[in-house]
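Working notes for the structure below.
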């Protein structure tokens, strides 16, 4: 099964081609301007690199949140368009599940942190004593200063490829925790493709029945107020005033 995975949830956008558990190719770029054009260019470069044809795709997958406001929307638009054009099913994947798929946890308690705003982040535990656990229903929305109260002092933390988030964690957490960035791990899009393959094999769907939308999005309303909207597989979160 040839799967295209897309992850535009952070500063670094990535697309990957996965066949079974084999990564055929992966390309990345720092997302600064025109994310839609960047995404299209990444897909073009990926197929040129791997000598695969887009018509050979069996499944589409993408990270639908939490993450970048613009990046998640671009991911949804791109995948829904490809799904309609190629008549290929598309499977949404939560970022924390994708990170868990790519992470060798050993005997550690591992948490993932994804920046939501300048002061807040989404936090979820992805492994306990080396065992992967479900995350999408237990995502916390908290300030960077309060993260240590959630994860404890002995946990390892994985953050998405956001330099700003890494800097904030180092300021508030200091040497109490070890930080591992996604840049040192396989791209989340690879995890998304692997997770999507398993979900599709367990619950096959026709392309006409599949449609994705972003989840865990924040939208600025009335000045500094920030609204967190509910999405696929997520729980409603209270507004930050």
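Every number in this text was worked out from the coordinates using simple rules, so none of it is lab data. Since this is a predicted model, take the numbers as computed values, not measurements. Cβ placement follows ideal geometry from the backbone for every residue including glycine, while neighbour counts extend to all protein chains displayed.
Remarks
- Segment residue 44-residue 30, extension gain: residue separation times 0.36 nm, minus the distance between their alpha carbons: 3.4 nm
- Sorting 121-128, 40-47, 197-204 by their mean Cβ neighbour count within 10 Å, with the most densely packed peptide first, gives 121-128, 40-47, 197-204.
- Taking label points 7 Å from Cα along the Cα-to-Cβ direction, residue 208 and residue 133 give a separation of 4.3 nm.
- Angstrom value of the Kirkwood radius, inverse mean 1/r, which spans all Cα pairs in region 18-105: 14.1 Å
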